[in-house]
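Contents: one structure, followed by commentary.
The values are calculated or read from the model by the stated rules, or taken from the named source; none is laboratory data. Note that the structure is a prediction, hence the values are computed from the model and not measured. Heads up, the Cβs are rebuilt from the backbone with ideal geometry, glycines too, and the neighbour counts pull from every protein chain shown. Keep in mind that these areas ignore ligands, DNA and RNA; they rest on the heavy atoms of the full protein, side chains included. Shrake-Rupley method; radii C 1.70, N 1.55, O 1.52, S 1.80 Å.
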Amino acid sequence: MAKTAELTPLGVASLALLAEEPMHPYEMYQILMARHEDRLVKVRPGTLYHAVGRLEENGLVEAAGVEREGNRPERTTYRITPAGHAALDARLQDMLAKPVNEYPTFPHAIAEAHHLPADVVVDLLEQRLIALEADLDFLTGAEQAVTAKGLERKYWIDVTYQQAMLRTEISWIRELLVELRSGQLPWDNPQPTPSELSNKPKEPLGKRS
């Protein structure tokens, strides 16, 4: 049996789907995409098949049958095993309880943004705001859709979590933009690099002060 730490995010998503009912990997992929879970987990058909294969090797899932439709290739349906249920529960408990530094790129970019001119930083952050607001609009629409369907909130609380995170980042960026535009946050232009200095046109000797 695999250790819970060995369960990848895609492995967790796969076990969670099979905990609902037996299905074949392509069906699993279709459901993940229909639920927009590719926003949470990197998923491709090939990687999903590989993930299910690893779960089977570790005794967390098992083949439940083989089916064929017309001239299509045979498809193996999988179901979760008792060991799979135990591994899924243990991994979820671990993920919920322990914060993990996932090294997101934006805090790193902000930490090094002083290397860029202030007007460039403002322009880039404005671009980011547009993208974030589009993401928030998408999630708001998703919330309205699942609410209209009467789906219990416990199945989509991740949507409200993502909304909260987006609203926080949007608010923080807007405040930073106010500081940058007003000069409240002093921002010296970065020093030119040696290559920029070497490419700078030289003034004629007679024009030098």
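Against the conditions (1) within 30 Å of LEU180 (Cα to Cα); (2) over 21 Å from the mean Cα position of the chain (by Cα), GLY53 satisfies every one except (1). Taking the criterion of being surrounded by fewer than 10 Cβ atoms within 10 Å (Cβ to Cβ) and among the aliphatic types (A, V, I, L, M), the residues of region 87-106 that qualify are LEU96, ALA97, VAL100. When the residues of region 164-198 are filtered to those that are among the polar types (S, T, N, Q), open to solvent by less than 70 Å² (accessible area, probe 1.4 Å) and more than 28 Å from the chain's Cα centre (by Cα), the one that is modelled with the lowest pLDDT is THR193.
So that you can scan it fast, the table gives a plain yes or no per residue for (1) within 19 Å of the chain's Cα centre (by Cα); (2) modelled with pLDDT of 95 or more; (3) surrounded by 10 or more Cβ atoms within 10 Å (Cβ to Cβ):
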site	(1), (2), (3)
ARG68	no, no, no
THR76	no, no, yes
ARG79	no, yes, yes
HIS85	no, yes, yes
HIS108	yes, yes, yes
ALA111	no, yes, no
LEU129	yes, yes, yes
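Please specify each residue of region 107-143 satisfying the condition of being touching a residue at least 40 places away in the same chain (Cβ under 8 Å) and within 30 Å of LYS154 (Cβ to Cβ). Matches in region 107-143: LEU132, ALA142. When region 34-66 is filtered for residues that are open to solvent by 60 Å² or more (accessible area, probe 1.4 Å) and over 13 Å from THR8 (Cα atoms), the ones remaining, listed by number, are ALA34, ARG35, HIS36, ASP38, ARG39, ARG44, TYR49, GLU56, GLU57, GLU62, VAL66.
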